[in-house]
Amino acid sequence: MTESGAESELRGNGSVRKGCDPFAQTQRSKLQHRRARINQQINKEMRMRAGAENLLRATTNNKVKENVALELSFVNSNLQLLKEELEELNSSVEVYQNGKGIPSLKQMSLNFSSSESVSVPMIPLGLKETKEVELTMPLKAMRTPTRNEAGIELLMEYYNQLYFIDNRFFPPNKNMGIFFHWYDSLTGVPSYQRALAFEKGSILFNIGALYTQIGARQDRTTKEGIDHAIDAFQKAAGAMNYLKENFSNAPSLDMSTPSLNMLVRLMIAQVQECVFEKVMVAGIKDEFLMQLQSAQEAARVADVYSLVYQTMTQPPVKNYVPFSWTTLVQVKSEYFKAVSHYFAAVALCDHIMGPDDEESEQVKALQQLHVTIPEGPSLITVLKDKEERRKLGKAHLKKAIIKHEEAMRIHSLCRILRKMDILQEVLAIVHKRSLKKYSEIDHEDDFFDTVEAPEIHPKTQQKPEIKTPNFSKVKVTDIFHRLGPLSVFSAKNRWTPAREVHLKKSEKGFGFTLRGDSPVLIAGVVPDGSADEAGLREGDYLVSVNEQDCKWSKHTDVVQLLKNISTDGVSIGVITLITSEQQNNQADRKSLLGTMSSASIFSGNDKENSRKIADSSKSPGLLLTWNKKKNSSKDGSTHSLPFIAVTDDGSFY
């Protein structure tokens, strides 16, 4: 069964998206199942280690200490094996690549066009694993998104839905007691948080990870496929960068600032590699200028991969990034340096002097090729003198061969990379290509006497972008819409239970006025009128008329509904918001009650007063509060999502 068999369904306005079949036996799903199994085993071993360490600290019995120490050594060995297994799993980059158009070594010739059509594997991220949270059935699909744009929309829809859930149910000053459980994508170590912001951050991470998988699977032998890969990797960088800027002190290493910095740079490097491939596919009419541009593009790719390698080898990142990733990045840096010098050599050795009107453009391009002007004859002389071009080209070829051999040496050090046939073939082909070119221009045995080639000046025709996730493109409807507008019925407010008020219509009407929409507010109550006598108060919200829900009704609709009542009486449902001042008064009363109770000295009047205070302090309704974020509009539409802060102790809220 392939990825195309995955389910993705839209139903009406309340679109219901389904993830892929979790039981589908695709290569990617098998990897994810292995990841889940390893994560669970790591979780089990870590709990055993924590228990053993606690026992080791608590016991004074030497025999027990010896047994516990022995058990700890076994547990640590198991954890190390699981870590290596997870690292190998994270290194399975070939599964996520596009296998289209990959010829064998025999099929590929050593010429320029065919060898450059082979795509070097990219580095994708595996999705973070999580455990189910019983919120509602439609939210479970986010655990198994399809590896395409529909999967991205599924995660974004879930992320947007969390905005409504956060505002609706999560108080600002206390948690809801719901644990959000996620596993580190790189280490498999579990993390637990009660804060919904941890769930949001993990979903953001998976959005970025899913984009890396989409980018890696593109057919990069075509311009269209390369453009799709560039777009996906830029969006992956944007998701990771957004996560880095808006979430801090994350409980898992993969979402820490150093890790996200590394991932953003890795995605930018992979974009730059795609730009180089795009130049190879498109080509330029002027062969000399094309080869110089290719040399500078390759030098740019080498530079950005060198920066990624430096980031990966710095603590704390180097302690948990897979060794195969670090090695592959280093191999690519050396590989593209070699490719850069190869193209410079080809431009110099194969160039035929053009007409006089082209000389200035060619000289200018050659001046921009090198970081420093090479010693010796002027560039004009180099262009016109075949032997001078050969000498400079030979120097670049020598450097290309040395860099190719360094890339092959580094590649051989990693057991996992040695299993990547396509990578090994590419390294072998480009090395042979440089050797073949060198043999064509070598007229004497002076390999070690060749002058040092100047460095190639890195330059790109297309700078990578960091594309921030566009959450507004995925419209969602609050699944708890029927509870009422967020402006009133949210965790930032406290209110009394809805109460029924029975009114009789007099000659002057019901004795109250209305204002506003969704829900309608009791703006005024006529003194001694029907509403006043029934207990209706100014500031109450009208939520029903004769049991008909009116929480989302407009002012005119409620007025018309009241006018259409045929009888002299009507039953309306209202709620009363509890203001901050009232909440503070209740808190003061509770504090006073606690002080009086602790003294246990009451006169008769004191006991009666205490009873009254206790009764008045009871909260009569559902308590939902929320922090000061931008409210939803009253029509229930999607909003711009707020930034997430963290507390001083590092936990999300």
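The values are calculated or read from the model by the stated rules, or taken from the named source; none is laboratory data. Fair warning: this is a prediction, and the values are worked out from it, not measured in the lab. Note that each Cβ is placed from the backbone with ideal geometry, even for glycine, and that neighbours are counted across all protein chains shown.
On inspection, residue 202 fails the criterion of being out of contact with any Lys or Arg (no Cβ under 7 Å at 6 or more places or on another chain) and touching a residue at least 24 places away in the same chain (Cβ under 8 Å). Among the residues of the stretch 407-416, is there at least one that is among the hydroxyl-bearing types (Ser, Thr, Tyr) and touching a residue at least 40 places away in the same chain (Cβ under 8 Å)? So far as the stretch 407-416 goes, no, none of its residues is among the hydroxyl-bearing types (Ser, Thr, Tyr) and touching a residue at least 40 places away in the same chain (Cβ under 8 Å).
Looking at 239, 229, just one residue is surrounded by 23 or more Cβ atoms within 10 Å (Cβ to Cβ), touching a Gly at 6+ places or on another chain (Cβ under 8 Å), of a type in the set (Gly, Ala, Ser) and over 28 Å from residue 338 (Cα atoms), and that residue is 239.
Just one of the listed residues (248, 256) is farther than 19 Å from residue 213 by Cα, in contact with a Ser or Thr (Cβ under 8 Å, 6 or more places away or on another chain) and among the polar types (S, T, N, Q), and it is 248. When residue 495 is tested against (1) in contact with a helix residue (DSSP H, G or I) (Cβ under 9 Å, 6 or more places away or on another chain); (2) at pLDDT below 85; (3) not polar (S, T, N, Q), just one condition goes unmet, and that condition is (1). Report whether or not residue 239 is free of Cβ contacts under 8 Å to residues at least 24 places away in the same chain and farther than 16 Å from residue 119 by Cα. No; evaluated as a whole, the condition is false for this residue.
Residue 38 falls short of the stated requirement of being on the phi < 0 side of the Ramachandran plot, modelled with pLDDT of 80 or more and touching a strand residue (DSSP E or B) at 6+ places or on another chain (Cβ under 8 Å). Only a single criterion out of (1) in contact with a helix residue (DSSP H, G or I) (Cβ under 7 Å, 6 or more places away or on another chain); (2) part of a loop (DSSP other than H, G, I, E, B); (3) modelled with pLDDT under 70 is not satisfied by residue 99, namely (1). Taking the condition under 23 Å from residue 561 (Cβ atoms) and outside any strand (DSSP E or B), does residue 488 pass? Taking the combined requirement at face value, the residue satisfies it.
Scanning the stretch 334-382 for residues that are of a type in the set (Ser, Thr, Tyr) and part of a loop (DSSP other than H, G, I, E, B), we see that the one that is modelled with the highest pLDDT is 372.
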